[in-house]
Each structure stands twice: as structure tokens, then as C-alpha cells.
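Computed from the coordinates by the stated procedures, all read-outs in this text should not be read as laboratory data. No experiment lies behind these values; they were computed from the predicted model shown. Methodologically, a virtual Cβ is constructed for each residue, glycine included, from the backbone with ideal geometry; neighbour enumeration extends over all protein chains shown.
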Amino acid sequence: MDRSAAICTLDRVIRSANRARDEVARATIAVLCGGRSSEREISLKSGEAVLAALRDRESSGDARGPARCLRIEIDGSGAWIVDGERRSAPEAIARLPEDTIYFLGLHGGEGENGAVQGMLETCLRRYTGSGVAASALCMDKHATRLVLDEVDLAVAPAKLLDRAGWEGERAQHLRDILALSDDGWVVKPNTGGSSVATSVVLRQQDLPAAIERALATGDRALVERRILGTEATCAVLGNAAGAVEALVPVEILPHAGRFFDWEEKYSASGAEENCPPRTLSPDVCKRLRELAVRAHRAAGCDGYSRTDFIVGEGGEPVVLEINTLPGLTPRSLVPKAAAEVNASPRPAARVRPPM
């Protein structure tokens, strides 16, 4: 992600629709990154990109702010490292100004499931992105599917497995899974991200090993029908109580024989990512934007989100999941979409006020 794309994204994430811009310009912005999830490496890269864009403004005297920015890394033990010192989260928060805005560059685990958000709300601090309820919901893929189904958004047929059930009734569970599809399955941890421990399975004899890989993460396993089609994603920006806007969708074309796994997502030689899409029609792109907004609102997301889809052969998108803290790395998709609208003003993302 180049600096212009990073700044474009920050324009839409940091600014508050409920507060004057000069208040944000006076504030300290603390970029939280790292954490204890399997997506720690990606979070650190997101934090670097965000911090670089913020410091460009800080050093240039850009009127859009901030007054001060700093990096906070959450290490593997959960300690917060501020200015080279390891502190507990409450102690670190207490030492920062009360008007600090916490930019959450965290991905997965407690950084995205509502735990960090809840702690900041308890401490009466402001932060970017969705609140506790939406964060917890969207980290749980099965629960998200139930909400999406209630508002008539298409999801792939699926089965949720826990360790005890899998070990106790494996034969019945396999029968249920085989009934989902005759053209393959996708097996993934229910609350994981970045395709960690995710498998695309084409032969039924490979299902047990794929399920074991997902369960080995300590999570439940979600087995979905494999949907043939083109993967796409669409970011939505705006306040939960106000106007929201879907950005231009991004079309994702992994290498032949691959799916959008860790390597295809983050390697410099990974999947082709087209924004605007090259193979999806304008009507399909319009539909993706409409559905992304519906998903954002149904889940109660705030500030920004990114909804992932598969566009099947019939042209109707199927929702895969909703990301409340999507990546901001040089290979991430939200900055790519934000850069497409860099020239025109857009609704700002809400910074959550103290509760």
C-alpha cells in the first residue's frame, strides 16, 4: 500500500462524523498492533502502514491531524509496549491522555472479537471500528451466518463441529457433511482468520484430516459447501446510525489450482486482485455493494467493515464472512478499494465515543 492509498484509507477511518475535525487534529492517536492471535504478523504490518501515514501528516503539519501519534504493540503475553516499556493494558491506558483515539490495527483473537473493545469502553476511551457486540458476532462465522440468513443474505450450507461431537459421533457427522455437497467442501476454524488452518477438500477421504487441522487450533470447525465461482470482497464505510457507503468491490483471482490462502493473500506473488473487477459485470458489482451494506447493517458494524463473497455461476453472490478489522497491509484489499475513490470526499468513519 503506497502512502496515498494509506492516507486515503485513514481519511475514511479516523475522522468522526459526530465530532469536529479539529478535535481529531488535537488528539493523540495510538495505533494498536500485534496481539496474540495467529494473525499477529499481519497486524504488525497493518500497524506499520497506518503509522507511516499518520506520521506523514504529523511531520507535514497536515490540518487533518493528528497532534501526536504513537505505536503500541501488544506482545505475546498480552502486555502493551509503549515507548519501549512493557505495561499492563490498564496501566498503559491510564498513562495516555484521556482524549487519545485508539486506532485498532489488530486482527483476529481478542483484538477483533470484542475483548479489547470492551476494555477500552470500560476505561471510557475512544477507538476505531465496530463495538463489542458486532465484533464478537462477526468473529463467530456460524453466528454471523445465522444473522445473515435472517435478512435473506445467501450463505453456503454448512455444519458446525466441536471436538467432543466429532470424536463421539464421527460417522454421523461425516454423513451430514457429505449431504452438504457432491462437489467439495471448505473446512475452516469457526473464529479464525487469514485462512489459517483452512482447507478446500475435493475428496471425501480427505475430510477427516481437514477437520482435525481446524479443530487443532482449539476452535470449532465449520464445514461449508464449496461454491464454485469468483471470490470478491466489498468494503463499507460509515457510521452505524448514519450514512454508510460501499466502496468499489475487489475481484480476487488466485493462481490456478489454489484458493485464497495465506500465501495468496499476503505474498507479493499472490493472487491477482482487481479493483475495479475485470470479469464481474457492472450489475454484479452493484449487487455486491448493496449486499455488503446490508451485511454491515445486519451485523451492527460501525466505522468500516469488509464482506467477502463468492459470485457463483448464476451471478448471485454468496456471503462468506464479515471482517470488522480488515487488513491495511501493502497486500490488503480495503486500501486498494479506498484508493479508487481518493479524488472525491466520502462519508467518514465514526470514532466510538466513551460509553
- Mind sorting T198, T122 by how few other Cβ atoms lie within 10 Å of their own Cβ, fewest first? T122, T198
- Message: Under 19 Å between alpha carbons, and skipping anything fewer than 8 positions from K188 in its own chain: which lysines qualify?
- Response: K141, K159, K265
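May I ask you to list the trypsin sites (Lys or Arg not before Pro) in the stretch 266-348 that are in a DSSP loop and have at most 10 other Cβ atoms within 10 Å of their Cβ?
Values: sites: R278, K286, R287, R289, R294, R297, R306, R331, K336; in loops: R278, R331.
When the trypsin sites (Lys or Arg not before Pro) of the stretch 266-348 are filtered for loop state and at most 10 Cβ neighbours within 10 Å, R278 remain.
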- What whole number of Å gives the distance from the Cα centroid of the stretch 131-177 to the Cα centroid of the stretch 205-257? 13 Å
- Query: With a ≥ b ≥ c the root eigenvalues of the C-alpha gyration tensor of the stretch 158-225, is it rounded (a/c under 1.5), prolate (a/b larger than b/c) or oblate?
  - Reply: oblate
- Query: In debye to the nearest 20, how big a dipole does the stretch 131-185 give about its Cα centre with +1 on each Lys and Arg Cβ and -1 on each Asp and Glu Cβ?
  - Reply: 180 debye
